[in-house]
Every structure is written in structure tokens, then in C-alpha cells.
1. Output the residues belonging to segment 108-140 that are at pLDDT below 80 and under 25 Å from residue 25 (Cα atoms).
2. Which number in (1) over 20 Å from residue 22 (Cβ atoms); (2) modelled with pLDDT of 90 or more; (3) touching a strand residue (DSSP E or B) at 6+ places or on another chain (Cβ under 7 Å) marks the one condition that residue 44 misses?
3. With the requirement that a residue be in contact with a helix residue (DSSP H, G or I) (Cβ under 6 Å, 6 or more places away or on another chain) and over 23 Å from residue 63 (Cβ atoms), what does segment 119-131 give you?
4. What is the residue count in segment 120-133 for residues that are closer than 16 Å to residue 106 by Cβ and outside any strand (DSSP E or B)?
5. I'm trying to understand the selection: among the residues of segment 141-169, which are assigned to a loop (DSSP other than H, G, I, E, B) and modelled with pLDDT of 80 or more?
6. Any residue at all in segment 141-157 that's exposed (fewer than 12 other Cβ atoms within 10 Å of the Cβ) and within 18 Å of the chain's Cα centre (by Cα)?
7. Looking only at strands (runs of 3 or more DSSP E) that lie completely in segment 1-114, which have at least 2 residues being in contact (Cβ under 8 Å) with a residue 12 or more places away in the chain and loosely packed, with under 13 Cβ neighbours inside 10 Å?
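The values are calculated or read from the model by the stated rules, or taken from the named source; none is laboratory data. All figures in this text were calculated on a predicted structure; none of them were measured in a lab. Counting neighbours? That spans all protein chains shown, and the Cβs are built from the backbone with ideal geometry, glycine included.
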């Protein structure tokens, strides 16, 4: 997915397997996987919600930024919650698996710096993290500049199964 302001790729991928059939609901890749039909998108001040339908199910995916204007600490927290809910639209039971990931492009200005990835288990959470090896905090400025410091976490409840971190070149 290209960044809307500068055109740089910051890839995310969402796949769903419905009764053994894999479909793509988010991202441009992999192109050989058919797309689950997007029925709607709703954009509000702190949320963006998508509805996808097909093959007997409805999938809702919501991106939430917990921003409250009267709480400066919360307002400046760079956190986004991604939740998904689904239900059958045909009255049948379905075997469902959801896959969500993003690349480490979200933590670097360009794609060539070294990135450190880690996986850990804390309490009931499985956590993946990405960070630029060189934390160039507020070094770059101007146009055509993306974040080049900080750590991105992707965490899910331990009740949800998560596969191991895999290296992608």
C-alpha cells in the first residue's frame, strides 16, 4: 500500500481462509490470491471501519486510534488498535482463519537500513516488534521523510494462535 502523501510503500497484508479458500482483504500482495469483496468503509475522527462480504461470511475490520483531545498523554500516543469480527451471513458454520501482517517499512525512512525483529511472550500476549537498528531520533526533517526511529509492536491475545516470526527479504 502506498503512503497517501509521498507514494512510498508501507505494506500491510490481510488474508482470510474460509472453509479452505484463501482470500485477500487488505494489501496489494499477493496478487495471485482472489480479493474478498469490500462492501463499505466508514471513516470517523478516530476510527476507520471496513466491511467485507462473500463466501457466506461478513468480516468487519476496524482501525482505532484512541485519541482524546483533553488527554495530552493519550493524544500523543502513537497507537492503533486493529480488531476484526465476523459472522456467517448464510446461516452455516464455517472454518475461518485470519492472517494479518505488515512489513518493517513502517519503521524506516527508506527500505535499505537494517531492521531488528523480535518475538516474545508476555503474560497472555504474543508480541512481534520491529525497529530500525539505528535509532535516528528526529534527525531527518523536511518533505519526503518518514519515521526512522521507535519500535512498532504487533500484539495479539494468547487465546489467538500466532505463527512464528519469519524472515522476509
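1. Listed by number, the list holds a single entry, 111.
2. The number of the failed condition is (3).
3. Scanning segment 119-131 gives no hits.
4. Final tally of qualifying residues: 1.
5. Of everything in segment 141-169, those that are assigned to a loop (DSSP other than H, G, I, E, B) and modelled with pLDDT of 80 or more turn out to be 141, 142, 143.
6. yes
7. Strands (runs of 3 or more DSSP E) meeting the threshold: 81-88.
Every residue, every condition in (1) touching a helix residue (DSSP H, G or I) at 6+ places or on another chain (Cβ under 6 Å); (2) over 18 Å from residue 153 (Cα atoms); (3) not assigned by TED's automatic domain parsing to the domain that holds residue 155, yes or no:
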site	(1), (2), (3)
57	no, yes, yes
65	no, no, yes
84	no, no, yes
98	no, yes, yes
117	no, no, no
